[in-house]
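A quick write-up on the structure given underneath.
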Amino acid sequence: MHPYNDYISKRGDVLSPNPIFAADRLLCPAGRFSSGIYAHAAFYAVILLFAYVSSAYAAFFGLFGSSEENVSARDGKIVLDVSGIDIYGSRHYSYNDGKIYVRFFIVRDDRDNVHAAVDACEVCWESEKGYVMKDRSMLCLNCKRRFQLNRIGIITGGCNPHPLKFDLENDRVIIATQELFSGAKYFSRNR
């Protein structure tokens, strides 16, 4: 007598007590693939789909950390080449000189104008989530409000990104480090 007699039907199907492998009875009722190859394939397909969806969600909402570029100052100025920022494009930066820490971003609107702002606002700064580019606007990752690119750095207060003054010379943005002090209050590392 076979020790697993209770799990083998008269047709030869394996009646597995494990629900994952029991799915092979549904996928292949004749019992030809009693090893559960279809059940295994379906199980791993679901796992891969979940991993893909969760990683896309995390990447969109910045859960794996930001892709900001660390910058430093020279002679009290930060000089950034923005020729690589396309229309409706953005780039995030961080500045940390040991005294202050500030995240900021630069965007290019549909008229090829460059705008700069601190990656925080008066309302949502405590969440320290910042903004991301989404559907041709900057999206606050805390309150989910959207801000038109041509108004970044112009409209102030509330949940608008805190403006950052800069000079633009030959596709190079020049920001005085003194200007960053106005946005330092929005980052808990500075408190």
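Checked against (1) modelled with pLDDT under 55; (2) under 21 Å from the mean Cα position of the chain (by Cα), Lys10 meets all criteria but (2). Across region 135-164, the qualifying residues are those that are touching a helix residue (DSSP H, G or I) at 6+ places or on another chain (Cβ under 8 Å) and free of Cβ contacts under 8 Å to residues at least 24 places away in the same chain, and the one among them that is farthest from Asn96 (Cα to Cα) is Ser137. Of all the listed residues (Asp109, Asp97), the sole one being exposed (fewer than 14 other Cβ atoms within 10 Å of the Cβ) and over 18 Å from the mean Cα position of the chain (by Cα) is Asp97. Determine whether region 153-161 contains at least one residue that is polar (S, T, N, Q), farther than 18 Å from Glu68 by Cα and touching a Pro at 6+ places or on another chain (Cβ under 8 Å). Yes, that holds for at least one residue.
The values are calculated or read from the model by the stated rules, or taken from the named source; none is laboratory data. Everything numeric in this text was worked out from a predicted model, so none of it was measured. Every residue, glycine as well, gets a Cβ built from its backbone with ideal geometry; the counts of neighbours run over all protein chains shown.
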